[in-house]
1. List every residue pair whose Cβ atoms lie under 9 Å apart, where the two residues are 6 or more positions apart in sequence or sit on different chains, the first residue falls within segment 93-115 and is within 15 Å of residue 14 (Cα to Cα) and of a type in the set (Asp, Glu), and the second residue, located anywhere, is modelled with pLDDT of 95 or more and surrounded by fewer than 19 Cβ atoms within 10 Å (Cβ to Cβ).
2. Give the residue that is surrounded by the fewest Cβ atoms within 10 Å (Cβ to Cβ), with candidates limited to residues of segment 59-94 that are under 16 Å from residue 112 (Cβ atoms) and of a type in the set (A, V, I, L, M).
3. Out of the residues in segment 537-561 that are at pLDDT 90 or above, of a type outside the set (A, V, I, L, M) and not in a strand (DSSP E or B), which is farthest from residue 423 (Cα to Cα)?
4. Hey, among 230, 225, 267, 281, which residue is modelled with pLDDT of 95 or more and surrounded by 14 or more Cβ atoms within 10 Å (Cβ to Cβ)?
5. Residue by residue through segment 121-133, note down the ones that are closer than 14 Å to residue 68 by Cβ and without any contact (Cβ under 8 Å) to a residue 60 or more places away in the chain.
6. Could you look through segment 321-339, keep only residues that are among the aromatic types (Phe, Trp, Tyr) and crowded, with 19+ Cβ neighbours inside 10 Å, and pick out the one that is farthest from residue 217 (Cα to Cα)?
7. When you go through 71, 46, 19 one by one, which is the residue that is touching a helix residue (DSSP H, G or I) at 6+ places or on another chain (Cβ under 6 Å) and either under 24 Å from residue 140 (Cα atoms) or among the basic types (Lys, Arg) (or both)?
8. Please determine whether any residue of segment 401-413 is touching a Ser or Thr at 6+ places or on another chain (Cβ under 9 Å), buried (at least 20 other Cβ atoms within 10 Å of the Cβ) and farther than 20 Å from residue 227 by Cβ.
Amino acid sequence: MSNNSFRNLCLVLQAIRETRGSNAKNRICADYFRSLVSQKDLNLATRFIGEGAFETFSGKRASVGSRTSATAAADFCEIDYEHVFKPCRTATGSSSETIEKLMANLDIARNKRIPCHLPLAEIEQIFESLCLVSGREEKQKILLNTWQRMTPVEIKYFIRILGQGSLRIGFEIRSVVSAIATAFNKDAEQVRYVHMITGSAGKTAVLAKTDCLDEAVFQLFHPLSFMLASPIDNRSVGNLSKYFAEEKFDGMRAQLHTDGHKVKLFSRDLNDVTQSFPEISEFIVNRNLPPTVLDGEICVYKDDTIFPFQLLQKRMGLKNPNIKILKKYPVLFISYDLLYTMKEPIFEKRLSDRRELLENLARTYGIPITRQFDVQNWKDMERLFERALAHGNEGLMLKRKASRYEYGQRKKSWLKVKKPGGSLDTVIMYAHAGNGKRGGTYSDFTLGISVKNDERYEEEFIPIGKAYGGYTDDELRKINENIKELAVERYGPTLGLIPELMVEIEFDDIQVNNRTKAGYTMRLPRFRAIRWDLSPEDANTLKDVEKIYRKKIEQERMRQGVNASILIY
């Protein structure tokens, strides 16, 4: 079998999936990368594994939904979609797994396929073809023609790669970058840096293979990996005077790229959100900045006040919002870090030096930035924390003055100081099998709240969110022991449970989510305690959730004034 065939790539993916341990997975992927002779094939293979059918920042999408591929598969296998395919999908818990099994086990599906060794370059052309057509019927014709030449495992991974999401093999982009370093015996940090500034896993792999990592050049308008904050641990802080304090805004983290005439905004998950916030683009273009990359926060801001994140939600996902929305929920981009200026990245500079450059830029071009405060002791921090809450913000950020910008990492240079938005007593409704180190256990849980006395619902409990952390290993073991006795349904890797296990869930906020039965969901939920002392009768209700939401929306917020958390020049 040719190394550059799509089938070979899929067999490698399957081997990675079936292998335990990150080092062993890394070796399999690294060996595969080394085996690819052509730079073009290496570029494509790395992209397909790490990013999907298209480069993350290309803006291209094939727009083949799960229903499109599922109904195409039902037609291919000559089975009824509603009565055969959907129950099979319920049993496996995965559409692509279902399609793989049907293709492998139905004679009619086997007889229609004559697998051949499709090269990676041809797969790229097929993805491009899917991107160019718009109708479901046209897309399905391409799918059916392609599947006729594939094995079941190829079809499964073709669908997953097409989806631009996780391949669900326990090997995400960070692991891919590590495998590139291993494959070509390069410094892992340098490879990670090149991937960050190029925005392309494929290009990074080729540069590593050809000993050209030093030639990588940063380009505007593709997002950089964000630096992340860790929860504060008083023992790890030491001398507070080594930190700046900033208020932690109740908004959405974003990265802004501009060359003076063009502006792009990227969310924390690296999606382009520029069209949702046209007034930010207009404001920045009018300032005519030099080529610049800013790290900051998008907030609803009016009457010198930052409003709750829940109001910003009404703007998120809206492309080209109308005038009514723009007036009702005006937004402001508030910068707190500078990543690129004077035609070069400045990640390696100290925060205090980046801050000086940011302040000079803000004064010259009139852009809003955070106000930073010196902190000498815990009393100072408590005073600043209480003022941040009075402004309606989430708390404080402590940032070490000497730190560089640790892109894509969560270390101790940035610390978040905040208190939970609240907690709910919930019941575990579903348990989901874990991956990686937690393979073989149920470690992700869907939590429910009570609606048994709510005239709007017929059920007793409805989901309010998922949680997958905050418990100890011993607690997880005890939960799994109880789950075995409470399981009444199985949906592939998911168990439906008799609602008896109670968990107190801590969260940052309650936010609207109209795609859920509750209409709300928890922001950043995590286990606080397993409540062996409570019964399902003690579960919080949907009306409790609604009260928490209304309280946040109606909270009085101190205006930005002399002690403002924002500097607007």
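1. Within 9 Å, the pairs are 100/153.
2. Among residues in segment 59-94 that are under 16 Å from residue 112 (Cβ atoms) and of a type in the set (A, V, I, L, M), the one surrounded by the fewest Cβ atoms within 10 Å (Cβ to Cβ) is 79.
3. 537
4. Details: 230 fails: modelled with pLDDT of 95 or more; 225 fails: modelled with pLDDT of 95 or more; 267 fails: modelled with pLDDT of 95 or more.
From the options 230, 225, 267, 281, the qualifying one is 281.
5. Just the residues of segment 121-133 that are closer than 14 Å to residue 68 by Cβ, to begin with: 130-131, 133.
The one that is closer than 14 Å to residue 68 by Cβ and without any contact (Cβ under 8 Å) to a residue 60 or more places away in the chain: 133.
6. So in segment 321-339, the residues among the aromatic types (Phe, Trp, Tyr) come out as 329, 333, 336.
Then drop every residue that is not crowded, with 19+ Cβ neighbours inside 10 Å, which leaves 333, 336.
Working: 333: 27, 336: 24 Å.
Of everything passing the filter in segment 321-339, 333 is farthest from residue 217 (Cα to Cα).
7. Within the list 71, 46, 19, the selection yields 71.
8. no
The values are calculated or read from the model by the stated rules, or taken from the named source; none is laboratory data. Please read all numbers here as calculations on a predicted model, not as lab measurements. Positions of Cβ are backbone-derived with ideal geometry, glycine not excepted, and every protein chain shown enters the neighbour counts.
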